Structures are given as structure tokens and as C-alpha cells.
Ligand code: ADP
């Protein structure tokens, strides 16, 4: 029920359109009932050879309901689809808005396939929530009320019969279908999600699978999951077809019983004979409202399962205790004081880290892999909150600053640059969409990207494909550097900009990095010890602690971990 109410709340802005569509749905079926009743009346009356004047009301009725039914059906389809697509965009925007603050800290426990399936599949499922779940019972109820008013003037027995038939076809049958399908629905949604997650994972890891010759096993696993989905779909479809047949059986049984009730009344003269067919056809056409209800029940459970999954993702407790302030800190001077940190129950990753990054200075944090360097970056960018110690920017405590305001202060070159499936130009402008051509050209020049761009068939407007597959590691990093230059934030944060690059490319990238560091407040995080001579201060991190610090020359003289690491890297 909670999930249902939350869903209704999200769809609230679309309510007027949904209500209009429900009214039009009701009018369409009501027009159909009117058409059947007046047609039957017309034919039955005409059989008695009356004057044309006596038929005129029925003729007008047939014309009116015939045209009205088509017009209402058109309008109902138009408005309900409009409502559906509004809901879809509403849901997508809502889901994205909820998801964004969770990235990256809180999304790491979800597989990318699960998120993909939620964004595409579950949101898509929910678009039918109104059209197939909410509207049909409301319309069926309104049609029942209308029919009872119509039948009231003929026989109360017919009213009771119709109520029983509607309860049987509209409540008991859907409940029975639900009972039989009780596990298949959940299992089907879960199996589909599992299949999608597996497929996304397979596509992402295609190169590894080929390299390790695991393609066949992966294919078999996919076939197995697919078989499971097909089996469950088959089960659900079988039950739904049987339910369709049962609905028709109830309808025809009701018509037969209605005839059994009305014929004696016609014989006894309590009902005029011309109404016999009108009553029976009226009842038959009113079933149009009740027959979709078993399927509505199915969609109801599918929608709630999809909604539960979406809520489960977006209700992951936020990593950050949000603050409302969006004011940028007055200066970009960063001070880290006695900072300690642990990821949830993963053990302490940083212990008592302190350093200052004054405006205009350059600091490097180096150390072996797993020392905690990237964790410092995560905390500086406020992807995670910390409990112990403090980070100040411009003298203001991080906890009082909005995460977005903090991130605006950094131009980041990260170790895993994501390249979007777009042109080189778009990939660069993502850092500063309003950048002028001159700014773009300068950034390209400073990141030493010119030669590469000239070699491309359409220069800056060349598309780079999915995740920039056609780009080398060095080219990706140069794009990252150009992005950082375009953003031109007060602090340059270089997080392992040369990781995974060969020695020659590393040298070239470091040259570009040295150039852009000139005159900029810089924090360089690196496991590589090249290009550190110009840094004002170097912190050597090991197992989450600062074990040494000083300038390049001081650290070399100390003959400690830094000197040791340098010796290894030189070999
Ligand atoms: P470095 O950048 O120096 O290689 P990291 O900061 O990436 O080191 O990692 C430090 C430690 O924190 C490692 O033991 C790593 O397993 C752990 N760690 C890193 N990221 C996460 C995360 N998102 N969740 C849990 N533990 C993590």
C-alpha cells in the first residue's frame, strides 16, 4: 500500500489528464452500450412495422451513439496516451533526480545492469500503471452504476444478476488469476532483471570473455536465463488466456441467465417485447468494462514490483548529509585536519591525515597502490562524508558547504576518463558548454591535442564511438586535461593522470600536466614519481598514513619509502 501511495504521489501532477482519460474511457463504453441498446430497440420496433415517426428516436440514438463511440474512443486513446507519456517523462526525470545525488558512493552496491534495467524496464512498466491498472476498475465501477440505473426500470432481478456477474468477472476472477500467478509475476520480473544485468555485464566484458575463451560458457548461461524468462512468460500467458476464456464464459452465462429472467417477464407483459434484445445486448456490451480487469490485476502486481525496485534504489540512504548552502568558499585554500576515514565496515582506510594546500601552491600525494590516495580525492570532492577530522576550504568547514559548490572549485583530471558517445567537441565542451572557439583552441593546444584532432577525418566534429573505444589511453587523458583547462576552476586536481600509460606517453602527459600546473593551485595524486621536482610539498602515503613529507630533494635525502619507491620505478 505504501508503494502504491508513493506511486500515486509521483503521478500527482498528471492527475487532471488521467481523470479526463478515465471519463473518456467511461463515455466510450457507455456510448457502446447506448449503441447496442438503441440498435436492438430499432430492429425490434421496426419488425412491428410502425410509422417512421415512431422509429425516429431510436434512429437518432443509433446515429448519435455510433458517432459518439468513435469520437470518444479517439479522444480517450489520445488523452490516455498523452497521460501515459507524461507519466513516463515524469518518472524518468524523478528517477534521475533521485539517482544523481547517490552517485558514486551509494550506487556501488548496484550492478550497472540492475540500474540500466530499472531506468529502462521498470520505469517503462510503470507507464502502464495508470492506463491498465488505475483506470479500468474506475471505468468498470462507473459502467456498473450506469447499467444498474438502466436495468432498474425493468427488473431488480437483472440488477442483482449484473452485480453478481461484475463481482465474479471483475473481482473473483482477477483474484483467482492473481493467486495462480502469485509467484510467476515476481519471478518473471526478477528473471528479466537478472537477464538484463547479465547481458549488460557480458557486453561490457566482451573483450575479456574473448581473451579467456569464455564466450561459450557465457552464451550458455544467457540461454539458460533466457529459457527461464520464456518459461515464466509461457506460464503467465497460459493463465491469462484461461482467464480470458473464463471472462467470456461468465459474460455468456450472464446473458443466458438474463434471457431466462426477462422472457417470463415479457410473457407476463411486465416488460414490452421490444426491450428484450435491448436489455441483453446492453448487458453484453457493458462487459467491455469488466473483461480487462484480470489483466489489470496482473499489471498491478508487475507495476508494484517495478516500483518497489525503483524505490529500493532511490531510497538507499544518502552518503552525504546534505546542506542547503550553495555559497562558494571565498578562497580555494584547502586545509585537511586529522582526517580519518573508513568505507562502510571495510576497515580504516585513512588515519590522521593533515595537510594544507594554500592558493597558488602545488602539492603531491604519492604512495603505493591501495595506500588511500583516491580515497582522499573522494573526500575532497565530497563523494563521501567523513566522521573524524575536518576539511576546510577558504576557512569554511566542508560539512557546511554544499557538495556541488565544493565540486565547482575543482578541475579534475581523473584516472578513468569517461568519454561520451559524441563528437570530440562535445566531449570537451561538457566541461564548459559556453566556451568560445578561442578558449577551446587554447585548451586543445595546452593539452597537446592539436595533432590528434588534425588527424581525425572530421577534426573536432568526429564522433568517438561508445566510451571512446577508438581513442588510446594517452588521447583520453589529453581530453581529460583539456576538459580541466576549459572548466578552469580554482584548484586543479590530478588523480593519477598517467595510470596505465606506457613510459613514453606518461612522459608526454606529464609534460602537458607540468605546463598546466603553472600558476595554478594543484593537488597531484600519483603512484608514479615522475615530474615531482617542481612540487612545493610531497606527502608519502602508506596504508592510510602519511609516513614522510617534504620537497622532492628532502625526500630523496631521507632515504625512506619515497627514495625506495623511486629506486623501484627507475629499474
Ligand atoms: P589508492 O588510490 O592509493 O590505490 P584507494 O584510496 O583506492 O587507494 O584505496 C584504499 C583502500 O580503500 C583499499 O584497500 C581499497 O580496497 C579501499 N576502497 C577503495 N574504494 C572503496 C570503496 N568504494 N568501497 C570500499 N572500499 C574501498
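Observations on the model:
- When the square roots of the Cα gyration tensor eigenvalues are ordered a ≥ b ≥ c, the ratio a/c for segment 336-419 is under 1.5, which makes its shape rounded.
- Hypothetical label at residue 503: residues of segment 515-552 whose amide nitrogen lies under 16 Å (7 Å Cα-Cβ projection): 528-531
- Relative contact order of segment 509-553, taken over Cα pairs closer than 8 Å and 6 or more residues apart, is 29 percent.
- The distance from the alpha carbon centre of segment 172-237 to that of segment 536-571 is 52 Å, rounded to a whole number.
- Computed from the Cβ-Cβ distance with R0 of 35 Å, the FRET efficiency linking residue 338 to residue 404 stands at 0.85.
- Rough spin-label spacing in nm, given labels placed 7 Å along Cα→Cβ, for residue 533 and residue 64: 9.7
- With a Förster radius of 35 Å applied to the C-beta separation of residue 9 and residue 237, the computed FRET efficiency comes to 0.60.
- Per-pair calculated FRET efficiency, R0 = 60 Å: residue 434 and residue 369 via Cβ, rounded to 0.05: 0.95
- For the chain, the longest principal axis of the C-alpha atoms and the axis of helix 215-267 are separated by about 20°.
- Using 0.36 nm per residue and subtracting the Cα-Cα separation, the extra length available between residue 171 and residue 48 on full extension is 40.2 nm.
- The long axis of helix 561-570 is offset from the longest Cα principal axis of the chain by roughly 80 degrees.
- Nitroxide proxy distance, nm - points 7 Å out along Cα→Cβ at residue 98 and residue 466: 2.8
- Remark: spin-label model distance residue 564-residue 201 equals 3.8 nm, labels positioned 7 Å along the Cα→Cβ axis.
- Those residues of segment 220-237 whose amide nitrogen sits under 13 Å from the label point placed on residue 179, 7 Å along Cα→Cβ: none
- Segment 347-451, relative contact order in percent, only Cα pairs under 8 angstrom and at least six apart counted: 14
- Acute angle (nearest 10 degrees) that the helix 52-99 long axis makes with the longest principal axis of the chain, alpha-carbon atoms: 20
- Cut-off 17 Å (backbone N to label point 7 Å along Cα→Cβ of residue 211), residues of segment 458-495: 469-474
- A protection proxy built from the mean count of other Cβ atoms within 10 Å ranks the segments 423-431, 156-164, most packed first, as 423-431, 156-164.
Laboratory data are not the source of any read-out in this text; all were calculated from the coordinates shown. No experiment lies behind these values; they were computed from the predicted model shown. Heads up, the Cβs are rebuilt from the backbone with ideal geometry, glycines too, and the neighbour counts pull from every protein chain shown.
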